[in-house]
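Colleague: My questions will all concern the structure given below.
None of the figures in this text is laboratory data; all of them are computed from the coordinates on show. Here the structure is a predicted model, which means the values were calculated and not measured. Cβ coordinates were reconstructed from backbone atoms using ideal geometry, including for glycine residues, and neighbour counts include every protein chain displayed.
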Amino acid sequence: MRLVLVGPPGAGKGTQAEFVAAHLAVPKISTGDIFRANVGQGTPLGRQAKQYMDSGQLVPDEVTITMVRERLAEPDAADGFLLDGFPRTVPQAVALDKMLADLGTQLDLVLELVVDEDEVIRRITGRRQCRGCGKIWHVEFDPPMHEGVCDRCGGQLYQRDDDRLEVIEERLRVYQRDTAPLVDFYGGQGKLVGIDATGPVEDVTVRAIDALRSYGG
Ligand code: AP5
Ligand code: MG
């Protein structure tokens with residue numbers, strides 16, 4: 001299955017992507033994680049992306065589209081994938097349709113995680129991520145057993161540079177301006193299904209998987 005997760009910053013895309021991708025046995029491709037890995041390694045792509053990420057802006061479409069095109073050409077994505085954080089502009093969505101058409105295929109479904117703004121701010125401000133395995137935690141809603149340490153791999157947890165309130169507010173503005181139009185874009189293609197992404201993580205996963213089942217996933 002070829003699936004896209006869309007939703008505002010902090011909606012739970014990364015959290016759900018992990019479970020849904022495992023359920024579908026497809027790779028999870030998170031553009032935010034790829035950019036952060038490049039920032040951490042100090043690559044030219046990372047240096048370029050960092051200035052945009054730190055201020056809550058989107059990395060330019062040409063850069064992001066090239067990166068995703070290369071990632072989708074890897075063998076593990078040949079039979080399906082779950083995209084987390086891409087596309088997030090209409091030009092990116094148009095480019096994705098074209099990339100897939102060139103490969104003789106198309107997207108199956110776009111899952112929208114619906115959460116209000118107050119909740120996403122609570123989620124983002126308490127988020128912690130593992131430097132080792134990338135697992136996402138929350139200090140209140142999903143805390144690890146020992147503060148600052150990942151239960152899964154023992155790695156150190158950190159707070160993302162863009163998880164400061166002033167940057168979060170900018171990311172939410174950018175979402176409304178550049179990414180929310182995708183709801184109409186994919187709605188028009190008949191590929192959009194929205195789910196309530198509030199409540200416990202496990203309940204949201206069940207709703208996501210139920211939605212996929214009704215579309216053959
Ligand atoms: P990216 O990393 O994609 O950030 P984002 O879209 O802002 O989304 P987040 O990762 O903040 O939220 P999420 O929905 O994944 O939530 P999570 O599961 O972590 O992008 C970062 C930056 O990279 C962008 O600003 C941009 O600069 C650049 N970029 C990336 N892609 C790009 C693109 N395509 N084009 C251009 N630029 C791009 O959950 C949040 C918290 O909530 C966690 O602590 C979690 O534990 C908790 N939580 C999750 N579910 C629940 C629940 N049900 N109940 C309670 N808590 C929950
Ligand atoms: Mg994420």
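Colleague: Scan (1) more than 8 Å from ligand 1 (Cβ to nearest atom); (2) over 14 Å from the mean Cα position of the chain (by Cα); (3) within 20 Å of Phe185 (Cβ to Cβ) for the single condition Val6 breaks and write down its number.
Modeller: Exception for Val6: condition (2).
Colleague: Go through (1) within 16 Å of ligand 2 (Cβ to nearest atom); (2) out of contact with any helix residue (DSSP H, G or I) (no Cβ under 6 Å at 6 or more places or on another chain); (3) touching a residue at least 40 places away in the same chain (Cβ under 8 Å) and name the single condition Asp108 misses.
Modeller: (1)
Colleague: Given (1) among the hydrophobic types (A, V, I, L, M, F, W, C); (2) surrounded by fewer than 18 Cβ atoms within 10 Å (Cβ to Cβ); (3) within 11 Å of ligand 2 (Cβ to nearest atom), where does Ala25 come up short, assuming only one miss?
Modeller: (3)
Colleague: Is it the case, given these coordinates, that Asp79 is more than 10 Å from ligand 1 (Cβ to nearest atom), touching a residue at least 40 places away in the same chain (Cβ under 8 Å), of a type in the set (D, E, K, R) and surrounded by fewer than 20 Cβ atoms within 10 Å (Cβ to Cβ)?
Modeller: Details: more than 10 Å from ligand 1 (Cβ to nearest atom): yes; touching a residue at least 40 places away in the same chain (Cβ under 8 Å): yes; of a type in the set (D, E, K, R): yes; surrounded by fewer than 20 Cβ atoms within 10 Å (Cβ to Cβ): yes.
In short, yes.
Colleague: Something else now. Test Val110 against the stated conditions and say whether it is of a type outside the set (D, E, K, R), in contact with a Leu (Cβ under 6 Å, 6 or more places away or on another chain) and buried (at least 16 other Cβ atoms within 10 Å of the Cβ). It would help to see each step written out before you state the result.
Modeller: Details: of a type outside the set (D, E, K, R): yes; in contact with a Leu (Cβ under 6 Å, 6 or more places away or on another chain): yes; buried (at least 16 other Cβ atoms within 10 Å of the Cβ): yes.
In short, yes.
Colleague: Something else about it: Criterion first (within 16 Å of ligand 2 (Cβ to nearest atom) and either within 30 Å of Thr205 (Cβ to Cβ) or exposed (fewer than 15 other Cβ atoms within 10 Å of the Cβ) (or both)) does Ser55 satisfy it? Show your work before the answer.
Modeller: Numbers: within 16 Å of ligand 2 (Cβ to nearest atom): no; either within 30 Å of Thr205 (Cβ to Cβ) or exposed (fewer than 15 other Cβ atoms within 10 Å of the Cβ) (or both): yes.
Here the answer is no, as Ser55 does not meet what is asked.
Colleague: Can you give me the number of residues within the range 1-17 that are surrounded by fewer than 21 Cβ atoms within 10 Å (Cβ to Cβ) and either within 10 Å of ligand 2 (Cβ to nearest atom) or free of Cβ contacts under 8 Å to residues at least 60 places away in the same chain (or both)?
Modeller: Total satisfying the criteria: 1.
Colleague: Could you go through the range 133-154 and let me know if any residue there is on the phi > 0 side of the Ramachandran plot, within 13 Å of ligand 1 (Cβ to nearest atom), surrounded by 15 or more Cβ atoms within 10 Å (Cβ to Cβ) and not aliphatic (A, V, I, L, M).
Modeller: At the first step, the residues of the range 133-154 found to be on the phi > 0 side of the Ramachandran plot are 134, 148, 154.
Right, trim to within 13 Å of ligand 1 (Cβ to nearest atom) and you get 134.
The next check asks that each one be surrounded by 15 or more Cβ atoms within 10 Å (Cβ to Cβ); those that pass are 134.
Now drop any that are not not aliphatic (A, V, I, L, M), which leaves 134.
Yes: one or more hits.
Colleague: While we're on this one: Please identify the pairs in which a residue from the range 125-145 that is within 23 Å of Glu170 (Cβ to Cβ) has its Cβ atom under 9 Å from the Cβ atom of a residue that is near ligand 1 (Cβ under 9 Å from one of its atoms) and of a type in the set (Phe, Trp, Tyr), counting only partners at least 6 apart or on another chain.
Modeller: Pairs that qualify, where the first residue is within 23 Å of Glu170 (Cβ to Cβ) and the partner is near ligand 1 (Cβ under 9 Å from one of its atoms) and of a type in the set (Phe, Trp, Tyr), are Gly126/Trp137; Gly126/Phe141; Arg127/Trp137; Arg128/Trp137; Gln129/Trp137.
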